[in-house]
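Bear in mind that the values in this text are calculations on the coordinates, not laboratory data. What you are looking at is a predicted structure, and each value in this text was computed from that prediction instead of being measured. Glycine also receives a Cβ, built like all others from the backbone with ideal geometry; neighbour counts cover every protein chain displayed.
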Amino acid sequence: MKRMEIGVGGLKGGLREFARVWRRAAAGERLPEATPKVHFSSLAQLLSVLTPKRLELLDAVARKPGCSIRALAGRLGRDYKNVHGDVTALATLGLIEREADGTLQVPYDELLISAPLRRGAKKAA
């Protein structure tokens, strides 16, 4: 199952994780395939980008891939311009891919979205 992790985290945590993995690779350790991650600086930023309408759009493409933006707008009963903007935002994050023929695909089977409620809270293993 192909998944992407989306969360809230600062630059320091990301750099620490990068350094840890770099040291392991430099030591010759065989590393598992990395899970793609997107982190936002705050919960407010995450929620402003992953809006309910964008999540609905993402779900629609995942359930029925291969449609155009115009067809997707029609299926969702939404304005083409707004759907185009949402597709562009989701494509920038790597959550939607546009094929050469203009059709849309979702490259992941699962999104793991997390946001710690307390500063310094650790992810559950």
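Residue by residue through segment 30-35, what is 3J(HN,Hα) from phi via Karplus (6.51 cos²θ - 1.76 cosθ + 1.60, θ = phi - 60°)? Round to whole Hz and write x for glycine and proline.
7, 9, x, 4, 6, 8
Between residue 53 and residue 34, what is the label-point separation in nm under the 7 Å Cα-to-beta-carbon projection?
Calculated label separation equals 3.3 nm.
Taking the chain, how many lysine pairs are there with alpha carbons less than 21 Å apart, if each pair must be eight or more places apart or span two chains?
Number of lysine pairs found: 11.
Taking a cut-off of 24 Å, what percent of all Cα-Cα pairs in the chain are separated by more than that? Show your work: numbers first, answer last.
Details: 3054 of 7750 pairs.
I get 39 percent for the Cα pairs in the chain exceeding 24 Å.
Explain nothing, just compute: Karplus ³J(HN,Hα) = 6.51 cos²θ - 1.76 cosθ + 1.60, θ = phi - 60°, for every residue of segment 44-51 in order, whole Hz, x for Gly and Pro.
Those phi angles translate into 4, 5, 4, 6, 6, 8, 9, 6 Hz.
Can you tell me, using C-alpha contacts under 8 Å and at least 6 residues apart, the relative contact order of the chain as a whole percent? Could you put the intermediate results ahead of the total?
On the way: 132 pairs, mean separation 44.4, N = 125.
Dividing the mean separation by the residue count of the chain yields 36 percent.
Determine the percent antiparallel among the DSSP beta bridges restricted to the chain, to the nearest 5.
20 percent
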